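Undergrad: The structure's right below; bear with me while I get my questions together.
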Amino acid sequence: MEKILVTGALGQIGSELIPALRKKFGNENVIAVGHRKEPSEEFKNAGPFERADTRNKDELKALIEKYNIDTIYHLVGVLSAVGEKNPDLAWDVNMNGLKNILELAVEYKIKRLFWPSSIAAFGPTTPLENTPQKTILEPTTMYGVTKVAGELLCQYYFVKYGLDVRSLRYPGIISWKTPPGGGTTDYAVAIYYEGLEKGHYDCFVRGNTVLPMMYMDDAVKATMQLMEAEPEKITIRTAYNLTAVSFSAKELADNVAEHIEGFTCTFIPDERQKIADSWPSTIDDSKAREDWGWNHQFGLDEISADMVKNLKNNK
Ligand code: SER
C-alpha cells in the first residue's frame, strides 16, 4: 500500500493534487504537509494534515517515520516573482528543502519521489520557440537557478543512489482553488479572479507576451501519469518538458471577454515582464508524449469556460 507524503500541501498544485491522490489511494494514505498557511476546514477534515518546515530535516524525518512513508511529492517552493524580491529565501527554501528530502529519501528507501521543475529553468539564451528537451539552461532568476540546480541534484541522486526521482518542467498553471501566489505566470490566473470581481484587469505583462500554459486538471493528470509509469519508461531524470497551450496575454484577455460580459483589460508591464521575456513561448514536450503517453486535454477556450464556471460557483 502506498503511504504518500505531500509537502507544499496548501500551495497551488498541492491543494488540487492531494484530493486526486486521496481519491486514488485513500484519504488516510495521503499525508498533507503545510507550513504557515491555515487549511480550510474541508481540507483539514479530508485526511491527515501535519505541519513542517522542509528546511528542518528532523521535522520531516519524524513524519516519514510516523506514517511509514514510501512515496513523496515535494512541492514546496518560492516562486519566481517572490524569489526576485527575496533571493536568499528562494535559495534556502528551494535548495535546502530539496536536499533534505533527497537525503531522507535515500535513508528511508523511498520508492518514488516527485519534485516540480519549471519553464523557469530556461533563460534568455535558450531557444525560446519550440524549446527542446536538451538545451541551454542559463536562467536569470533565482527561482530558475534553484530549478536547474534542483534538476541536476535529482539526477545525481538517481545516478549515485538509484533513487527513483521524477520531475516535470511545468508551464504556467491556471487554476481556481487557490488565489495566485507569487509567480510570473499569475496574470493568467488573476485575470479570471479580477475579471469576475471588477470586470477589468490591469495585466502586468505586455499584450504580445506569449508563455506556455496548462490547466490544473491537465497538470494533475501529467503528474500522476508520470509517477505511475514503469521505471524503464523514464528516460529523463532531470525533468521532462511539458506543455499544453501557448497564447499571448492579449489572446487570453480576448478569450476572457468572451466568457465574462463587458470584460476589459489594460496592459501595464512591471518588473515581471523581464522574467516573462526570459522564458520560452512554446515548448517541445515530445519526450513526455513518447515516454509515458502525455496528452493534454484543455485548450484556452475550455480553460476559460471552466475557470469562470468554478469561480462563479465558489463565490
Ligand atoms: N508559474 C511559475 C512562476 O511564474 C513558473 O514555474 O513563477
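Undergrad: Which entries of Lys3/Lys177; Lys198/Lys312; Lys85/Lys250; Lys57/Lys177; Lys24/Lys221 have Cα-Cα distances beyond 21 Å here? Each step should come with its number before you reach the end.
TA: Working: Lys3/Lys177 25 Å; Lys198/Lys312 13 Å; Lys85/Lys250 27 Å; Lys57/Lys177 30 Å; Lys24/Lys221 12 Å.
Beyond 21 Å: Lys3/Lys177; Lys85/Lys250; Lys57/Lys177.
Undergrad: Of all beta bridges DSSP finds with both residues in the chain, what is the antiparallel percent, to the nearest 5?
TA: Working: 4 of 34 bridges.
Around 10 percent antiparallel, to the nearest 5.
Undergrad: Carbon and sulfur atoms: what percent of the 1.4 Å accessible area of the chain do they account for?
TA: On the way: 6820 of 13430 Å².
About 51 percent, which is the carbon plus sulfur part of the accessible surface.
Undergrad: Which value, in Å², gives the accessible area per residue of the stretch 1-114 when a 1.4 Å probe is used on the protein heavy atoms?
TA: On the way: 5290 Å² over 114 residues.
On a per-residue basis, 46 Å².
Undergrad: Restricting things to Cα coordinates, could you compute the convex hull volume per residue of the stretch 156-303 in Å³? Could you put the intermediate results ahead of the total?
TA: Numbers: hull volume 17.1 nm³, N = 148.
Considering the Cα atoms of the stretch 156-303, their hull volume per residue is 115 Å³.
Undergrad: Compute the convex hull volume of the Cα atoms of the stretch 130-200, divide it by the residue count, and report the result per residue in Å³ as a whole number.
TA: Working: hull volume 9.6 nm³, N = 71.
Looking at the stretch 130-200, the number lands at 135 Å³ per residue.
Undergrad: Counting only heavy atoms of the protein chains, get the accessible area per residue of the stretch 122-252 (1.4 Å probe) and round it to a whole Å² value.
TA: On the way: 4770 Å² over 131 residues.
Roughly 36 Å² per residue, with all protein chains present.
Undergrad: Another question about this same structure. Of all DSSP beta bridges in the stretch 152-302, what percent run antiparallel (nearest 5)? Don't skip to the end; give the middle numbers.
TA: On the way: 4 of 13 bridges.
For the stretch 152-302, the DSSP antiparallel bridge percentage is about 30.
Undergrad: Restricting things to alpha carbons, find the Rg to Rh ratio for the stretch 91-230 using the Kirkwood radius for Rh.
TA: Values: Rg = 16.9 Å, Rh = 16.8 Å.
Rg/Rh: 1.01.
Undergrad: Also: Cα extents of the stretch 1-134 along the three principal axes, largest first, in whole Å?
TA: Principal-axis extents of the Cα atoms in the stretch 1-134, largest first: 46, 30, 29 Å.
Undergrad: Which of rounded, prolate or oblate describes the stretch 214-277 when judged by the alpha-carbon gyration tensor and an a/c cut-off of 1.5?
TA: oblate
Undergrad: Using Cα springs under 10 Å in a Gaussian network model of the chain, which residue among Ser80, Ser40, Ser281 shows the largest mean-square fluctuation?
TA: Ser40
Undergrad: Oh, and also: How long are the three semi-axes of the equivalent ellipsoid of the stretch 1-65, in whole Å, if each is the root of 5 times an eigenvalue of the C-alpha gyration tensor, listed from largest down? Intermediate values should be presented prior to the final figure.
TA: Details: eigenvalues 62, 42, 18 Å².
Each semi-axis is the square root of five times an eigenvalue, giving 18, 15, 10 Å.
Undergrad: Where the eigenvalues come from the Cα gyration tensor of the stretch 56-174, what are the semi-axes √(5λ) of the equivalent ellipsoid, largest first, in whole Å?
TA: Numbers: eigenvalues 139, 55, 26 Å².
That gives 26, 17, 11 Å for the three semi-axes.
Undergrad: What does the convex hull of the Cα atoms of the chain come to per residue, in Å³, rounded to a whole number?
TA: Taking only Cα atoms, the chain has a hull volume of 120 Å³ per residue.
Undergrad: Give, rounded to the nearest 20 debye, the magnitude of the charge dipole that the chain has about its Cα centre when Lys and Arg contribute +1 at Cβ and Asp and Glu contribute -1 at Cβ. Write down the numbers at each step before the final one.
TA: Details: 36 positive and 44 negative charges, 150 e Å.
Dipole about the Cα centre, nearest 20: 720 debye.
Undergrad: Give the peptides 209-220, 194-205 in descending order of average Cβ contacts within 10 Å, highest first. Let's see the in-between values first.
TA: On the way: 209-220: 23.1, 194-205: 17.8.
Highest-to-lowest ranking by the protection proxy: 209-220, 194-205.
Undergrad: Might you report the magnitude of the Cβ-based charge dipole of the stretch 137-283 about its Cα centre, with Lys and Arg at +1 and Asp and Glu at -1, to the nearest 20 debye?
TA: Working: 13 positive and 19 negative charges, 103 e Å.
Using only the charged Cβ atoms, the result is roughly 500 debye.
Undergrad: Which one, Phe267, Val308, Gly293, projects farthest toward the positive side of the charge dipole computed for the stretch 257-315 from Cβ point charges (K/R +1, D/E -1)?
TA: Looking along the dipole axis, the top candidate is Val308.
Undergrad: Cα to Cα, under 17 Å, and not fewer than 8 places away if on the same chain: which aspartates and glutamates meet these conditions relative to Lys99?
TA: Counting by Cα, and skipping residues close in sequence, Lys99 has these aspartates and glutamates nearby: Asp53, Asp58, Glu59, Asp88, Glu107, Glu151, Asp164.
The values are calculated or read from the model by the stated rules, or taken from the named source; none is laboratory data. These numbers come from a predicted model, not from an experiment. Cβ sites come from the backbone with ideal geometry, for glycine too, and all protein chains shown count toward neighbours. For the accessible areas, the whole protein counts, side chains as well, though only heavy atoms, and no ligand, DNA or RNA atoms are used. Shrake-Rupley method; radii C 1.70, N 1.55, O 1.52, S 1.80 Å.
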